[in-house]
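> The structure is given below, and queries will be raised subsequently.
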């Protein structure tokens, strides 16, 4: 899940609590090129206000116009956008995606009732929590449930006879251990990619003028924050790029004890070899724990500038998160 999804559910719950009816939309499947992947969500209310997105804008525009005209009064339905075969039917949305793709969207109409408020509150708790859950929606009556996931891996969306299953879980998080010239563009890239970004920096001279939109600053040692309960979950990446062993090494020592899917530290091959030796000896890490650390960090793109290095770092994080081997690039 993206951090934007947290904002979508937060706003949806706030509108329900204020007595508003909401429409929760989820991308079920895509065919051909499409701007958003399955599982992407948007919430809207009857006056057209919305948070989140389903496409590059064309689908949202059509959907919001139809909501304001009084359409989508049923509890649940599936809409198909971008299919030229639907042009002949006046009951289908006549929207062609600029990229030529096709989207199937689950639309749920949620009135401000206790059951719906409770479900959205539970969904928000999952996105802010540590474990994945399976959200099931009946296509006959819209009944929703959240239950534990049996297997860690699997498709984000599954549609069976009369039911949609949506795998939901913690929003992707990036913890940046310490500020540096590379950390800043890395944080900006991560925000744009939909990560929840947390920078841990105990040095006042470094964080004094730090102010990046969408980035949370924790004025403590990264190792302390990383070790805190619930701060590193299965959708967390931890990176250190300060060249200060007091920050970088300690952050790595704590990160390998968590469920973080990506752990990396910046440095040349020679610096990385020396760090590995330190972590094995004085750091007390096992060979398997050291092996979890990506060092040198990032893809080998020939990066030189801070922004180029940050790009290589985020590209490698995305590669690992998508389960793509380096030799498959």
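> Of the residues 61, 108, 113, which single one is modelled with pLDDT of 80 or more and touching a strand residue (DSSP E or B) at 6+ places or on another chain (Cβ under 9 Å)?
Result of the check over 61, 108, 113: 108.
> Scan (1) out of contact with any helix residue (DSSP H, G or I) (no Cβ under 8 Å at 6 or more places or on another chain); (2) modelled with pLDDT of 90 or more; (3) surrounded by fewer than 16 Cβ atoms within 10 Å (Cβ to Cβ) for the single condition residue 48 breaks and write down its number.
Residue 48 satisfies every listed condition except (1).
> Between 110, 166, which is in contact (Cβ under 8 Å) with a residue 24 or more places away in the chain, buried (at least 21 other Cβ atoms within 10 Å of the Cβ), under 18 Å from the mean Cα position of the chain (by Cα) and within 22 Å of residue 25 (Cα to Cα)?
Every option except 166 fails the conditions.
> Suppose we filter the stretch 268-307 for residues that are surrounded by fewer than 18 Cβ atoms within 10 Å (Cβ to Cβ) and either at positive phi or outside the structural domain of residue 221 (by TED's automatic domain parsing) (or both); how many remain?
Looking only at that region, the number is 2.
> Within the stretch 201-224, can one find any residue that is within 20 Å of the chain's Cα centre (by Cα) and buried (at least 23 other Cβ atoms within 10 Å of the Cβ)?
no
> Give the number of residues within the stretch 289-312 that are farther than 19 Å from residue 259 by Cα and either part of a helix (DSSP H, G or I) or touching a strand residue (DSSP E or B) at 6+ places or on another chain (Cβ under 9 Å) (or both).
Number of matching residues: 9.
> One residue is enough: does the stretch 155-168 have a residue meeting the conditions in a loop (DSSP other than H, G, I, E, B) and at pLDDT below 80?
Taking every residue of the stretch 155-168 in turn, at least one turns out to be in a loop (DSSP other than H, G, I, E, B) and at pLDDT below 80.
The values are calculated or read from the model by the stated rules, or taken from the named source; none is laboratory data. Treat the numbers as computed from the prediction; the structure is a model and nothing was measured. Here the Cβ is made from the backbone with ideal geometry for all residues, glycine too, and neighbour counts use every protein chain on show.
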